[in-house]
Structures are given as C-alpha cells and as structure tokens.
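The values are calculated or read from the model by the stated rules, or taken from the named source; none is laboratory data. Since we're looking at a predicted model, the values are computed, not measured. Positions of Cβ are backbone-derived with ideal geometry, glycine not excepted, and every protein chain shown enters the neighbour counts. Ligands, DNA and RNA are excluded from the accessible area calculation, which covers all protein heavy atoms including side chains. Shrake-Rupley method; radii C 1.70, N 1.55, O 1.52, S 1.80 Å.
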Amino acid sequence: MNINIPQGRGMIKWAPFATMPEQYENVRTLHENNTHVPKPNLNTDLQQELELKLRELVGCNVILRYWQSGHEFIIECTIVMWMSGAVSLRCLKRVV
C-alpha cells in the first residue's frame, strides 16, 4: 500500500438530524407550533345544523374533520347511530 495516500476519516456512520437532545426538542417544538390549529368557534346555530346533518347521515360512510387538543384530524367512518348528542361511529381508516 502506498503510504503517501491520505487515510481519510474512515467509516463514519450517518446520524439523523436530531442527534442532540436539545436539537430534537427544538424540532419537536417547531413541529407542534406549525401544526397547531386554534379551537373552532361554534355558535349554537352551527352546532344544531351539524347535529341535524349527522342525524341525516346515520348509516352512511362519511369523512369527518374534528378538532382535539390543538390539532385537526380527518377520519373516514360510518355513522352507526345517533342518540341526543352522542354519536356512535365505526371508523374505516384515519385519513390524516
């Protein structure tokens, strides 16, 4: 082997971007801030309209958007039954 050839750094494994705990925390915080959705403001008229629509769609496959803990979710489901403010769903898959 020729001793004039530089050795180089050898075999260095690739590490993901979040190698340091504080860097990982910063990335997680940025992601949370970018995906946060404010709670929707539903007045009573809009709530009643949504309840009527849900009653009409019992037994149908629907795609629902809902808000929970600062995030918006979308699911595909079948509305199984409706009982005065409580909805029973059978979820087919989570879309987002």
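Worth pointing out:
- Phi to ³J(HN,Hα) by Karplus 6.51 cos²θ - 1.76 cosθ + 1.60 over region 52-67, Hz, x for Gly, Pro: 4, 5, 4, 4, 5, 9, 4, x, 9, 7, 9, 10, 10, 10, 9, 10
- Note on exposure: T29, T78, T44 ranked by accessible area (1.4 Å probe, complete protein assembly) read T44, T29, T78, with the most exposed listed first.
- Extension reserve of the E56-R28 stretch, reckoned as 0.36 nm per residue once the Cα distance is removed: 6.0 nm
- Computed from the C-beta positions of R65 and H36 and an R0 of 25 Å, the FRET efficiency is 0.95 to the nearest 0.05.
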